[in-house]
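Read through the structure below, which is laid out as structure tokens, and then see the notes.
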Amino acid sequence: MSYDFTNAKKLLALCSEHNMKISEVMLERELELSGMSRSALFEMVDRCLRVMESSTNRSLDEEPVKSMGGLIGGESRQMRNLSEDKVICGTVLHKALTMALSVAETNASMGVIVAAPTAGSAGVVPASLLAVYEWADVSLDALRLGLINAGALGYLFTKNGSVAGADAGCQAEVGSASAMAASALAEMLGGTPEQCCNAASIAVSNLLGLVCDPIRGLVEVPCQTRNAIGVAGAFTAAELSLAGITSPVLLDEMIDIMVDVGHSLPESLRETGKGGCACAPSVCSGLRGIQHLL
Amino acid sequence: MKKNYISLFDVIGPVMVGPSSSHTSGANSIAWTARQIFSGTPVKVDFTLYGSFADTFRGHGTDRALVGGILGYRSDDVRIRNSFEIAKEAGILCSFTPDRDTDVGFPNVVDIVMEAADGHSLLVRGESLGGGRIRITRMNNIKVDFTGEYSTLIVGHRDEAGTLAFITSRLANHEINIAFMKLFREKKERGGPAFTVIEADDFLPEELEDELLSYPTIESVDMIEL
């Protein structure tokens, strides 16, 4: 019996056949294809979680440093210092947004991160999962499985879609990451496999068409705040799905749609630094704009 | 060893020093691989950067990642951030030349020329393919094509009859299964310099190097193990 799958439909069929969660099917698939022992695999999962945790806190614990390009640094601390009466997103989401900013800062200053699925979108999955883990009654094992669930979705986007901004825009990076996190959150909070895929489908649909337009071609602005919106999108999609709200577009279709939309974006909006935010007058008009950013 | 499926840890990973899998992690892997291929210790390394590497190498830490690779650091090693200082202390002179004019036919490309104290040198060209994956496409004047994702054996030799048969017989002796094998040569006709690149499913034992070097047409043997 093989646990390998090639699309969401087959993944859900395996879940139903074996009465398993998405993470459990993905775990069996990985064990089967890698030949790794269960304990070795969980050691690798734990290593990822440790690096993720440290990158979500690094910019809060340590003195913030400027990014390599000098465009960001210190934003997660600013978020943490926001007075409580202005936290309109609520405690958990606020914490997750703060963490996502920290990962982006860590990444942009050559700290160690876990690409999930990419370095540019590395804040979404750890911030979403770790903030909810802290807040909800979720066990460490459920957190580990949550990360594996996110991996299952990331695998589908890598295999059948795209996770490269240069190929299909930011929707392929932050969009995929947001879908991965949405599905993982749904599972961690007791959702069914169908609710996980539905949450992922909603998350992607809400970021469909998001362009990749990094200022000066660097993974800094607007990438950092896009990680924050990826988190907010994941929370939103998970909550909608857990409430029973469904997208009529199945996840496999949504992944195809994302690629089609991505490929119809002009090249200037696919990580070339030649369109969108990268070409804003305040950014392009030389020093004034840059100083404003610094 | 190599896997032919997308793993959980391809998606949740790599664990890497930021900011970019293609510009930082990929650049580091190219330089790391180049360093493995080079016999001897480099005292001088020149990097020529093409495509988007040339435009954004500082902001992406491509330069520090490249030097880190030469120092033998993998892409999750925080020492990459201080690689300039460490290389300087180690007496390795590094220089960077962005080349925005030459069309090398691919977005992220770097030429690495390593030179040892005795004057022997090697040029390695690498392409960063995205997600940290790379391809080596040139060694000196010879076009090559391998990824470093397998155990890789690189044999520099004169292009003469019998050489390949000797190499494969030694591999057979060690029960090493060949996944891919290709001979790349500089000239169109026989007798010139060539590289044979073998990507294997099995681990390459160290003694293989001396065994292969005993053959008269074989000039260099380098092995890359992940």
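The values are calculated or read from the model by the stated rules, or taken from the named source; none is laboratory data. Being a predicted model, the structure only gives us computed values, none of them experimental. Here the Cβ positions follow ideal geometry from the backbone for every residue, glycine too, while neighbour counts run over all protein chains shown. Side chains included, ligands, DNA and RNA excluded: accessible areas come from the protein's heavy atoms. Shrake-Rupley method; radii C 1.70, N 1.55, O 1.52, S 1.80 Å.
Name every residue in the stretch A:1-19 that is in contact (Cβ under 8 Å) with a residue 60 or more places away in the chain and open to solvent by less than 80 Å² (accessible area, probe 1.4 Å), in order of residue number. Passing the criteria: A:6, A:7, A:8, A:11, A:12, A:15.
From the list A:156, A:210, A:143, the lone residue that is more than 12 Å from the chain's Cα centre (by Cα), outside any helix (DSSP H, G or I) and not basic (Lys, Arg) is A:210. Being open to solvent by less than 40 Å² (accessible area, probe 1.4 Å) and of a type in the set (Asp, Glu) is a property that residue A:43 lacks.
If you go through the stretch B:4-19 one residue at a time, do you hit one that is out of contact with any His (no Cβ under 8 Å at 6 or more places or on another chain) and away from chain A (no Cβ under 14 Å)? No: zero hits. Residues that are closer than 13 Å to residue B:11 by Cβ and open to solvent by less than 10 Å² (accessible area, probe 1.4 Å) within the stretch A:139-161 comprise A:147, A:148, A:149, A:150, A:151, A:152, A:153, A:154, A:155, A:156, A:157, listed in sequence order.
Being of a type outside the set (A, V, I, L, M, F, W, C), assigned to a helix (DSSP H, G or I) and more than 8 Å from chain A (Cβ to nearest Cβ) is the filter here, so list the residues in the stretch B:24-50 that pass it.
Of the stretch B:24-50, the ones of a type outside the set (A, V, I, L, M, F, W, C) are B:24-26, B:28-29, B:33, B:35-36, B:39-42, B:44, B:46, B:48, B:50.
Next cut, assigned to a helix (DSSP H, G or I) only: B:24-26, B:28-29, B:33, B:35-36.
Listed by number, the residues that qualify are B:26, B:28, B:29, B:33, B:35, B:36.
Residues are listed down the side, and each one gets a yes or a no for (1) more than 25 Å from residue B:14 (Cα to Cα); (2) within 14 Å of another protein chain (Cβ to nearest Cβ); (3) open to solvent by less than 20 Å² (accessible area, probe 1.4 Å); (4) touching a residue at least 60 places away in the same chain (Cβ under 8 Å):
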residue	(1), (2), (3), (4)
A:50	no, yes, no, no
A:60	no, no, yes, no
A:63	yes, no, no, no
A:71	no, yes, yes, yes
A:77	yes, no, no, no
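Of the residues making up the stretch B:49-71, those that are open to solvent by 10 Å² or more (accessible area, probe 1.4 Å) and of a type in the set (S, T, N, Q) are B:52, B:56. The set of residues in the stretch A:229-282 being open to solvent by less than 20 Å² (accessible area, probe 1.4 Å) and at pLDDT below 95 consists of A:275, A:278.
Applying the selection to the stretch B:176-226, what residues are farther than 21 Å from residue B:151 by Cα, open to solvent by 20 Å² or more (accessible area, probe 1.4 Å) and either at pLDDT 95 or above or in a strand (DSSP E or B) (or both)? Selection gives B:185, B:193, B:214, B:215, B:216.
Could you go through the stretch B:24-39 and let me know if any residue there is open to solvent by 40 Å² or more (accessible area, probe 1.4 Å), in contact (Cβ under 8 Å) with a residue 60 or more places away in the chain and among the hydroxyl-bearing types (Ser, Thr, Tyr). Yes, there is a match, as at least one residue in the stretch B:24-39 is open to solvent by 40 Å² or more (accessible area, probe 1.4 Å), in contact (Cβ under 8 Å) with a residue 60 or more places away in the chain and among the hydroxyl-bearing types (Ser, Thr, Tyr).
Residue A:35 passes every criterion in (1) modelled with pLDDT under 95; (2) more than 10 Å from every other protein chain (Cβ to nearest Cβ); (3) open to solvent by 50 Å² or more (accessible area, probe 1.4 Å) apart from (2).
Screening residue B:140 with (1) open to solvent by 50 Å² or more (accessible area, probe 1.4 Å); (2) closer than 20 Å to residue B:35 by Cβ; (3) more than 18 Å from the chain's Cα centre (by Cα) gives one miss only, at (3). The lone criterion from (1) over 21 Å from the mean Cα position of the chain (by Cα); (2) surrounded by fewer than 17 Cβ atoms within 10 Å (Cβ to Cβ); (3) more than 27 Å from residue B:74 (Cβ to Cβ) left unmet by residue B:163 is number (2).
Yes or no, residue by residue, for (1) hydrophobic (A, V, I, L, M, F, W, C); (2) in contact (Cβ under 8 Å) with a residue 12 or more places away in the chain; (3) within 14 Å of chain B (Cβ to nearest Cβ):
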| site | (1), (2), (3) |
| --- | --- |
| A:141 | no, no, no |
| A:152 | yes, yes, yes |
| A:163 | yes, yes, yes |
| A:182 | yes, yes, no |
| A:217 | no, yes, yes |
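Which of (1) surrounded by fewer than 24 Cβ atoms within 10 Å (Cβ to Cβ); (2) within 14 Å of another protein chain (Cβ to nearest Cβ); (3) under 30 Å from residue A:54 (Cβ atoms) is the odd one out, the single condition residue B:88 does not satisfy? Exception for residue B:88: condition (2). For the stretch A:20-30, residues that are facing another protein chain (nearest Cβ under 10 Å) and surrounded by fewer than 21 Cβ atoms within 10 Å (Cβ to Cβ) total 0. Scanning the stretch A:170-194 for residues that are assigned to a helix (DSSP H, G or I) and surrounded by fewer than 24 Cβ atoms within 10 Å (Cβ to Cβ) returns a single hit, A:194. Taking the conditions (1) of a type in the set (A, V, I, L, M, F, W, C); (2) open to solvent by 10 Å² or more (accessible area, probe 1.4 Å); (3) under 12 Å from the mean Cα position of the chain (by Cα) in turn, residue B:9 satisfies each one other than (3). Condition (residue is more than 29 Å from residue A:192 (Cβ to Cβ), surrounded by 15 or more Cβ atoms within 10 Å (Cβ to Cβ), within 10 Å of chain B (Cβ to nearest Cβ) and charged (D, E, K, R)) applied to the stretch A:98-112: is it met by at least one residue? Within the stretch A:98-112, one or more residues are more than 29 Å from residue A:192 (Cβ to Cβ), surrounded by 15 or more Cβ atoms within 10 Å (Cβ to Cβ), within 10 Å of chain B (Cβ to nearest Cβ) and charged (D, E, K, R). Counting only residues that are part of a helix (DSSP H, G or I) and either in contact (Cβ under 8 Å) with a residue 40 or more places away in the chain or polar (S, T, N, Q) (or both), the stretch A:262-279 holds 9 of them. Here residue B:80 qualifies as assigned to a helix (DSSP H, G or I) and either buried (at least 19 other Cβ atoms within 10 Å of the Cβ) or within 14 Å of chain A (Cβ to nearest Cβ) (or both).
Yes or no: residue A:204 touching a strand residue (DSSP E or B) at 6+ places or on another chain (Cβ under 9 Å) and β-branched (Val, Ile, Thr)? Answer is no for this residue.
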